[in-house]
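Reviewing the structure listed below.
The values are calculated or read from the model by the stated rules, or taken from the named source; none is laboratory data. Just so we're clear, the structure is a prediction, and the values are computed from it rather than from any experiment. FYI the Cβ positions are ideal-geometry reconstructions off the backbone, even for glycines, and counts take in every protein chain you see.
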Amino acid sequence: MAVAARPRSAGSRSTGSRPGRARMARRVLKPVAFVLMALPLAWLAAQWFLLIRQGGGDLGINPIEASIHHTGLWALRILLFTLAISPFTKLTHWTPLMSIRRMSGLYAFTYAVVHLLLYFGLDREFSVAELWADILKRWYITLGMGALLLMLPLALTSTARAIRTLGARRWQRLHRLVYLVGGLGVLHFWLVVKGVQLEPIIYGVIFVILMLARLPRLRQAAGFKKKAGH
């Protein structure tokens, strides 16, 4: 009896420790993720400091274009990472990763806003007329602005209070706009890059895979709507 009791006791201790390990993982993961996602922006700020103070840095012969490209690229990368969190968690059952999904989405929005501000401020010198002309004439600008505008309500409703106000179901429907944002972001980058290059193809493939991983859940949600309609 004593021998049989020990495995149960050890098992209960192991099971009981899982929530503690998950809490610890979340406590470590959040600040680490915060710092890692801030690093590209910090690097860019450091390069501009070196450029202004010493005339150096790694932004090349066209630092404005390099800065715009850098922030836009990281906005897309972090957005794709955000989209990958849910399927990766479902695949691995490592739930602490979900604790940084909101932070990651807000970082993607921040990089997208900085991307626009650099383009509008440094490249177009805050000319609304020139920006509007670009939106009307250049497809990649149109798609990029569309993606940013769709990200705005997602960022504004990223709080727990917003979920309570909208209701979980309506909040989820609203935040499915992120799938459209991801598609627009990939197309925006595809059109910005001249010629056939590997990087936009890789991001496009990643986006398609992430959308295919969500198909069963989206079909289930569509089926639920049909039943509710009946």
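Quick notes on this one:
- Search result, residues across region 28-74 that are within 12 Å of TYR107 (Cβ to Cβ) and hydroxyl-bearing (Ser, Thr, Tyr): THR71
- Note on region 49-72: among residues that are assigned to a helix (DSSP H, G or I) and in contact with a helix residue (DSSP H, G or I) (Cβ under 7 Å, 6 or more places away or on another chain), the one that is modelled with the lowest pLDDT is LEU51.
- Residue satisfying all of: in region 149-172; touching a Gly at 6+ places or on another chain (Cβ under 9 Å) and in a helix (DSSP H, G or I); farthest from LEU117 (Cα to Cα) among these: LEU154
- Qualifying positions in region 37-77 - under 21 Å from LEU212 (Cβ atoms) and either surrounded by fewer than 15 Cβ atoms within 10 Å (Cβ to Cβ) or of a type in the set (A, V, I, L, M) (or both): LEU76
- Just one residue in the set GLY195, GLY182, GLY167, GLY146 is without any contact (Cβ under 8 Å) to a residue 40 or more places away in the chain, of a type outside the set (Ser, Thr, Tyr) and surrounded by 13 or more Cβ atoms within 10 Å (Cβ to Cβ); that residue is GLY146.
- Just one of the listed residues (LEU91, LEU122) is surrounded by fewer than 13 Cβ atoms within 10 Å (Cβ to Cβ), modelled with pLDDT under 95, aliphatic (A, V, I, L, M) and part of a helix (DSSP H, G or I), namely LEU91.
- Listed conditions (1) of a type outside the set (S, T, N, Q); (2) modelled with pLDDT under 90; (3) in a helix (DSSP H, G or I) are all met by PHE207, apart from (2).
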